[in-house]
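Okay, structure first, notes after.
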Amino acid sequence: MPQSSRPATRSQQNWRALISNRDFETPAAYSKALGELQAAEKAIAFDAEITAASSNIEKQAAALVRKIKAYDWEHTYGPLREAHTGKRTEGEHFLGNVDLINKTELMKVAKRMPKGAHLHIHFNACLPARFLIQQARDIDAMYIRSTLPLTTDQNMEACRISFMVMTLDEATHAKDPDGIETYVPLGDVWDENYVPNRWMPYKKFQRQFEYTDERGHILRKTHGAETWLERKMIISEEEAHNAHQSSKGIWEKFNHRTQMMKGLFAYESAFRNYTQAVIKDFVKDNIQYAEIRPNFMSTNSLKTDDGKGSIGNEGIMKIIDEELRKTMDQITKKGDYFGGMKVIYCTPRSFRNQQIEVALDECIDLKKKYTDLICGFDLVGHEEMGNELRHFIPEFLEFRKKCKAQNLDIPFLFHCGETLEVGDKCDGNLFDAVLLNSKRIGHGYAIARHPMLMDIFKEKNIAIETCPISNEILGLTSTIAGHHLPILLANDVPCTINSDNATFYKSSLSHDFYQSMIGSEAMTLQGWKQLAKWSLEHSCMNPEELAAVTAEWTRRWKEFCQWIVDEYGPKFQDYELPTGPRH
C-alpha cells in the first residue's frame, strides 16, 4: 500500500547565506556567525519541533536528565579504564557494562519512561532465559542432548545443548537420509563414552547434575543445572568481542542459542505461560503496545506436554489470541494498561521459493482468520547467509496481487541491510524493500551509507527498526558510540528503538533506550519522546487503536516528566554540569 508522505520538519533557512561571507573583521563577528550556523543545524534536528513545543515541565525534566547522565558518568564509571581497579568507562561494551548500567540513575529513568510501541522483537527471545528453563523442570517428556560428553571443563564450555519434548519412541529412533528408521539408545551426557546428540531424559540430567564452576561454586541438581543452562544461554563479552571474533563467528554462537531456546519454547504449557509472561513484561517495562515476531514454518509445531500430540501454525495463533485476551483482561482488572499486541508472520530467509510461496499463502489464510492479530510479513535469519529479497520477487508480487484481490492489508516489514558491506546482497535488500513498498525495515544498518535511500525513506515515510544492543553484540559496531542511529537521526530518517533478542543479552527495551542516550551527546529527553512517537505512528495499529494508545502514552509521558522533576529536582538542584573533556 502507498506510504503517505510525512510533513516536513526541516527548516527552510538557507545555510548558504550564513557562510557566504567568511572574511571576518573581528572575533566577535566570527563568534556571531558560528552561533548562527550552529543554530541553523539545530533548527533542522529530528527533535527540533518537539523541543520547541516542550512544556515547562518537559524542559525542566530534560535539563535534569542531562544532569543525571553526567552524574552517572562521574559516580558510576571512570573517565578512563583504570587498570588497577578494573573500573569501566561509560559506553564500553554493553555486555561488560550491563551490571553497572542497572545501578545507574539514568537506567531508573529509562525504566520509568513510557516507550510507546515495541516493533522489533523475536518472540522466542523476549524474557530472561531462566523463565523457560524453569518451565521445563517438571516436564516428564522433556529430553536434553549435547554435542560433547559433559566430562571436562572444556567440554562444559564448548558443548552445544538442545532440548525437545517428545515420546520415548521418538527419542530412541532416528531416520537416515533415505527415510529408513533405526533404533538409537538413550545417552548419558555424563559418560565419557557418550555418543554426541543422543537424547537423555531431562529429569535424569537434573538429578545427576554436579559441576564446580570457574568461581569455585558447586552447582548441584535442578538449581545447579538451571544456573548452568542460563549462563550457557547468555552471550558473554569475551565471546562477542574477543580479538579473533568475526561477524560469522558471533552469528554462529547466536544461532546456537536460538537452537537451545527452540525446544524449551516448543510445547504447549510453556508457550501459553510464556505468552502471558511476555505481555506482563511489556507492561512492566512501560511498553504500551507491541508487534511480535514468532517463526512460522510448514513443519512448525508445538508439542503437547506429554509429547504425543502436536499443534500447527493455526493452533499457535489460536493460543496467542487466547492468552492475549486472557492476559489483557487480567491487566485491566488490575487497573493497569496495555494497548494490545499483533503478530508479524516470519519465516526463514533460507527457504526455497516453493516454501516461501506456501508461507505467503498461509500468512493470507491466517490473516483472514485472525484479522486484527496478523499485521505483516517478514523473512528472518542471518542475512549474509540467507537468500536476498530479490530471490523471491515472483512470490512477493503474486502475494501482493492476492492481498489486493481479497482486500487484505499485510505490509512487508523486512529485515534488511543488517551488514557493514556496501554493494553486497544484504546491502542490496534495502533497494528491494523500497520497491516492494515495505512499511518498515528491520535494522537497516547499511542505509547510513546510502544518501539517496535515506531521502526515499524520509519522503515515503518508511521507518527503521533500530536495535542498538543487538547490532553491537552481533558485530556491526564495537561500541554504542559507533552505532548508526545518530547518523540516521541527524538526517531526519524516522527510527524506532527495539530490543531484538533481549534474552541472549541480559537486556530489555529500557536498556536500548539507555544506550541510545549514552551513545550520543546530542540525544535528549525530547529525542526519546520523538522516538517513542515515531514508534506509535509507524505501528500497524488501525486508526482507532492508534488514537487510544497514543492518548494513554501522552498521559503517561506528562506523568513521567513530572516524576523526573519531583524525584530528581531536589537532588540535583545544586549539581553543576562538569565542564571540559570527559576522557
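The values are calculated or read from the model by the stated rules, or taken from the named source; none is laboratory data. None of the values given here were measured: they were computed from a predicted structure. Reconstructed Cβ throughout: ideal geometry from the backbone, glycine too, with neighbour counts over all protein chains shown.
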Would you confirm whether any residue within segment 547-569 is more than 30 Å from ILE410 (Cβ to Cβ) and touching a strand residue (DSSP E or B) at 6+ places or on another chain (Cβ under 9 Å)? no
By residue number, the members of segment 391-425 that are under 19 Å from ASN353 (Cβ atoms), basic (Lys, Arg) and at pLDDT 95 or above are ARG400, LYS401, LYS402
Among the numbered conditions (1) more than 25 Å from VAL434 (Cα to Cα); (2) surrounded by fewer than 23 Cβ atoms within 10 Å (Cβ to Cβ); (3) hydrophobic (A, V, I, L, M, F, W, C), tell me where ILE480 comes up short. (2)
Index of the failed condition, ILE57 passing every other in (1) touching an Asp or Glu at 6+ places or on another chain (Cβ under 7 Å); (2) in a helix (DSSP H, G or I): (1)
Please verify whether THR151 is among the polar types (S, T, N, Q), on the phi < 0 side of the Ramachandran plot, surrounded by fewer than 18 Cβ atoms within 10 Å (Cβ to Cβ) and at pLDDT below 95, treating the condition exactly as stated. no
Filter segment 492-526 for residues that are free of Cβ contacts under 8 Å to residues at least 40 places away in the same chain and surrounded by fewer than 20 Cβ atoms within 10 Å (Cβ to Cβ); the one that is farthest from GLY444 (Cα to Cα) is GLU521
Can you spot a residue in segment 366-389 that is buried (at least 24 other Cβ atoms within 10 Å of the Cβ), on the phi < 0 side of the Ramachandran plot and part of a helix (DSSP H, G or I)? yes
Could you check segment 332-365 and list, in sequence order, the residues that are of a type in the set (Phe, Trp, Tyr) and either within 16 Å of LYS402 (Cβ to Cβ) or in a helix (DSSP H, G or I) (or both)? TYR345
Within segment 140-181, the residues that are in a loop (DSSP other than H, G, I, E, B) and under 22 Å from LEU229 (Cβ atoms) are ASP140, ALA141, THR147, LEU148, PRO149, LEU150, THR151, THR152, CYS159, ARG160, MET166
Based on what the data block shows, is ILE497 out of contact with any Cys (no Cβ under 6 Å at 6 or more places or on another chain), farther than 30 Å from LYS460 by Cβ and at pLDDT 95 or above? no
Check segment 397-410 and report whether any residue there is out of contact with any Ser or Thr (no Cβ under 8 Å at 6 or more places or on another chain), in contact (Cβ under 8 Å) with a residue 60 or more places away in the chain and part of a helix (DSSP H, G or I). no
Has segment 543-560 got any residue that is under 30 Å from SER438 (Cα atoms) and in contact with a Cys (Cβ under 6 Å, 6 or more places away or on another chain)? no
